[in-house]
Each structure stands twice: as C-alpha cells, then as structure tokens.
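What follows is a short report on a single structure.
The values are calculated or read from the model by the stated rules, or taken from the named source; none is laboratory data. What you are looking at is a predicted structure, and each value in this text was computed from that prediction instead of being measured. Cβ: placed from backbone, ideal geometry, glycine included. Neighbour counts: every protein chain shown.
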Amino acid sequence: MTAIWSVNRQLFRKNAEHVKQNNSIMAVVKNNAYHYGLEFAVEQFLNIGIDTFSTTSLKEAIRIRNIAPNATIFLMNAVNEFDKIRQHHIQMTLPSLSFYYENINELYDIEVHLEYENLLHRSGFKTIEEIKEVLQHHTQNNNKRKMCIKGLWTHFGYADEFDVSEYDTERTSWLSVVNTLLDEGYHFDMIHAQNSASYYREQGVLSNHTHARVGIALYGSRPYKSISEFDIQQSLTVKGNVIQVREVNAGDFCGYSFAFEATKNNTKLAVVDIGYGDGILKARAQHEALINNKRYPIRALMMSHMFVEVDDSVNAQDEVILYNNNMRVDEFTFKGVGANSEQLSAMNHDSLIKEYR
Ligand SMILES: Cc1ncc(COP(=O)(O)O)c(C=O)c1O
C-alpha cells in the first residue's frame, strides 16, 4: 500500500466544461497545469473546446505546442530566446518600455500582447501613455520585419479579495485603458485580464474582452467561498492507508517532540502512510481526515506518516482521504491552510503514486 494522488478524468472534463460554459477561455496551465499534469490537462481542455493556453515557462509553452499544433499559446513571462518563440509560434507578453526598446530588432515576426502593470506591480507598462508610446512607435517603424501587436492584457491581483476596494480600483483603471485605446481606434485581436475569481465575480467575460484567463476553477477549486460547490467540482483525490491501529493511554506522548499527548486511556491512533514528505502541509494536518466517510482529527504529522485519532470502526488497510470532492482543497483554503494552488503545489509527485482513472 502506498499513498495515491489520483484524478478522475471524467470529472475533470465535466468540471472544465461547466466552468467554460459558452465563454472563450484561455486556460492557465503553468506549473505543470497546477500540478495536474500539463499533457493531461491540455488534452482534456482541447477536448472540451479550449484551444488557447497560457503559461509562464517557455519550456512548457513548447510542450503545449507539441501536443496542440494549432493552439494559441501565450507566454506570460518575457524571455530572450526569440528564435525558439518564432520557431514554435508562441505569443509573448511585452512587459515594459525598456524591454521593447532593448529588443526591438530581435522581436521581428513575434506576436506580442502589451501588458498593463496595474496594482500587482509584477510586470507591464505603468501608464496608458507608455502603451500609446509603443503603439505609435510601432506604427512609425518602417522596418518590414517587426513584431506584431496581437493583444492587450493585465492581471488582477485583488479579484480574490472581498473586504477591500482594490479590485474595484484595478478593474476601473484597466477598463479605462481598454476603452480609451478602443475609442481611439486601436485594435487588438486578444484582450484578456480575468483570473477565476474575476470571471465568477463578473459572471463571465468582461465586455470588449476576447478571453478570460482562468486557472484554478478549471482544476476544481473555488477561488472564493460563496461560489456553490456544485459549480466547481474537484476531480483530485489524495489518500493514504491505515497501516495499523494502536492504543495509547492518558499522558502518553505520541509523534516526534511531544506532538500529541493522549488525554484518555485506550485512545485509538491510526498510523497512516502519508506525511509531509508526500506534500501534506503542516497547516492541513491541523484539520481532519476522512475514513469510511467519517471525519477524524489528525493528531500528529511526520515525514512519511501521520496519526489520526479514530474509533473502533477503523481498521488496518482502511483508506484515509486527505483530499477528495467531499474534503476539498478549497475547504482548507477557506480555513486558512494556504491558497488552493499552494496546497496543490505542495504535493510530492515523486513519492505519491500518480493515477488518472
Ligand atoms: C497572470 C495570471 N493570469 C491568470 C492566472 C490564473 O489565476 P487563477 O488560478 O486564480 O484563475 C494566474 C495565476 O496565478 C496568473 O498569474
């Protein structure tokens, strides 16, 4: 018996279909498709009619190109490997004025999306004036082989936050950039800004936008709590097994460094074959595990094991669920364990058995 990370293909696809509805989605597949597996995820997304992908890594962009010869692939980080970008027909962000002027001659034939910095301050042009400077400089550039301006984009850093006004601020500022440029007659084949939270908050793709750039919802986790669990479903299961059930008495310390002190005699502890070495976060182990459809408290977390306090109904070889559609990653996000993507990224795909069912 070994702990297993598994994905139900049918549920993964059904969820992605439900998230997409009839909207144009650019699927964010960075970090190995949120660790669901890049090839697996791209194939499922293609299957339900998503043919536009974005990632932050050129290596991943090329892997996507190998699976999807006709897809639109957008690289959200700028790189200087321009020949590879051309060779694999990858579209790329244009992240700043300095990048434009420094690389103007190397960018020929590359399709770029102008990036607006906004409140995240991670990348992008600082003002609409900077964007216009590039647009005008580009128009006046008579060089036959020059870059091609394909898109306009930003990233909302606050769409997942509800108690502050920053989302409104970044949204208003961005819409003003988009609408001013369109009113002045500029055209972009692609305009995109929304992550999962913004996509749900706006109930679809913002007007004048061609795509929403969605990640976590496609992978089955809700970006915020008031979205119904039926609207976004988790296809991932992470589970271990009870190796043995042991009894300890009041005053016994169990686990490393006094991790848990039993307060009653005959306390039953299931020893489970999954731990932080498999990617279970310490904060996740403050909560429960699911055995035979019942929740039990996790008492101590070790590298390859955990203790779960159980009752007489639990036996060796019973399955111990850490995540499934009834014990979802997003539940623990909302309980403060860590972002959805943080919990997914913590999983150790070298130690867990990986299965697509
Ligand atoms: C630039 C960019 N766009 C879109 C997304 C997708 O966000 P989410 O997973 O919240 O949908 C991310 C994720 O971090 C991102 O960095």
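Restricting attention to the stretch 147-170, which residues are touching a helix residue (DSSP H, G or I) at 6+ places or on another chain (Cβ under 6 Å), surrounded by fewer than 19 Cβ atoms within 10 Å (Cβ to Cβ) and of a type in the set (A, V, I, L, M, F, W, C)?
Of everything in the stretch 147-170, nothing turns out to be touching a helix residue (DSSP H, G or I) at 6+ places or on another chain (Cβ under 6 Å), surrounded by fewer than 19 Cβ atoms within 10 Å (Cβ to Cβ) and of a type in the set (A, V, I, L, M, F, W, C).
Please work out if residue 83 is in the same structural domain as residue 153 (by TED's automatic domain parsing), among the charged types (D, E, K, R), surrounded by 16 or more Cβ atoms within 10 Å (Cβ to Cβ) and away from the ligand (no atom under 13 Å from the Cβ).
It is false that residue 83 is in the same structural domain as residue 153 (by TED's automatic domain parsing), among the charged types (D, E, K, R), surrounded by 16 or more Cβ atoms within 10 Å (Cβ to Cβ) and away from the ligand (no atom under 13 Å from the Cβ).
For residues that are surrounded by fewer than 17 Cβ atoms within 10 Å (Cβ to Cβ) and within 16 Å of the ligand (Cβ to nearest atom), tally how many sit in the stretch 120-146.
Selection size over the stretch 120-146: 3.
Does the stretch 238-259 include one or more residues that are within 30 Å of residue 53 (Cβ to Cβ) and within 16 Å of the ligand (Cβ to nearest atom)?
No, the stretch 238-259 contains no residue that is within 30 Å of residue 53 (Cβ to Cβ) and within 16 Å of the ligand (Cβ to nearest atom).
Find all pairs meeting these conditions: Cβ atoms under 7 angstrom apart; at least six residues apart or on different chains; first residue within the stretch 189-208 and farther than 13 Å from residue 23 by Cα and among the hydroxyl-bearing types (Ser, Thr, Tyr); second residue within 8 Å of the ligand (Cβ to nearest atom) and assigned to a loop (DSSP other than H, G, I, E, B).
Taking only residues 6 or more apart or on different chains, the pairs are 198/159.
Within the set of pairs 6+ apart or on separate chains, which have a first residue in the stretch 230-245 that is surrounded by fewer than 17 Cβ atoms within 10 Å (Cβ to Cβ), a second that is of a type in the set (S, T, N, Q), and C-beta atoms under 8 Å apart?
none
Any chance the stretch 102-111 includes a residue that's crowded, with 21+ Cβ neighbours inside 10 Å and either touching a Pro at 6+ places or on another chain (Cβ under 8 Å) or closer than 19 Å to residue 184 by Cβ (or both)?
no
Consider the stretch 287-326. How many of its residues are closer than 20 Å to residue 262 by Cβ and in contact with a Phe, Trp or Tyr (Cβ under 9 Å, 6 or more places away or on another chain)?
Residues in the stretch 287-326 being closer than 20 Å to residue 262 by Cβ and in contact with a Phe, Trp or Tyr (Cβ under 9 Å, 6 or more places away or on another chain): 16 in total.
Consider the stretch 251-266. How many of its residues are farther than 20 Å from residue 291 by Cα, part of a loop (DSSP other than H, G, I, E, B) and touching a strand residue (DSSP E or B) at 6+ places or on another chain (Cβ under 8 Å)?
Counting residues in the stretch 251-266 that are farther than 20 Å from residue 291 by Cα, part of a loop (DSSP other than H, G, I, E, B) and touching a strand residue (DSSP E or B) at 6+ places or on another chain (Cβ under 8 Å) gives 5.
Taking residue 196, is it within 16 Å of the ligand (Cβ to nearest atom) and either at negative phi or not assigned by TED's automatic domain parsing to the domain that holds residue 299 (or both)?
yes
Return yes when residue 149 is part of a strand (DSSP E or B), more than 13 Å from the ligand (Cβ to nearest atom) and either more than 26 Å from the chain's Cα centre (by Cα) or farther than 24 Å from residue 72 by Cα (or both) and no when it is not.
yes
So which of 263, 210 is among the β-branched types (Val, Ile, Thr), assigned by TED's automatic domain parsing to the domain that holds residue 38 and away from the ligand (no atom under 14 Å from the Cβ)?
Just a single option satisfies the conditions, and that option is 210.
Between a first residue in the stretch 332-352 that is over 13 Å from residue 284 (Cα atoms) and a second residue that is within 16 Å of the ligand (Cβ to nearest atom) and assigned to a loop (DSSP other than H, G, I, E, B), which pairs have beta carbons less than 7 Å apart while being 6 or more apart in sequence or on different chains?
If the second residue must be within 16 Å of the ligand (Cβ to nearest atom) and assigned to a loop (DSSP other than H, G, I, E, B), the pairs left are 345/35; 349/35.
Here's the yes/no breakdown for (1) at pLDDT 95 or above; (2) among the acidic types (Asp, Glu); (3) not assigned by TED's automatic domain parsing to the domain that holds residue 263:
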site: 280; (1), (2), (3): yes, no, no
site: 291; (1), (2), (3): yes, no, no
site: 295; (1), (2), (3): yes, no, no
site: 298; (1), (2), (3): yes, no, no
site: 303; (1), (2), (3): yes, no, no
site: 320; (1), (2), (3): yes, no, no
site: 331; (1), (2), (3): yes, yes, yes
site: 339; (1), (2), (3): yes, no, yes
site: 345; (1), (2), (3): yes, no, yes
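For residue 184, indicate whether it is modelled with pLDDT of 95 or more, surrounded by fewer than 17 Cβ atoms within 10 Å (Cβ to Cβ), over 25 Å from residue 90 (Cβ atoms) and charged (D, E, K, R).
Considered against the rule, which asks whether it is modelled with pLDDT of 95 or more, surrounded by fewer than 17 Cβ atoms within 10 Å (Cβ to Cβ), over 25 Å from residue 90 (Cβ atoms) and charged (D, E, K, R), residue 184 comes out as yes.
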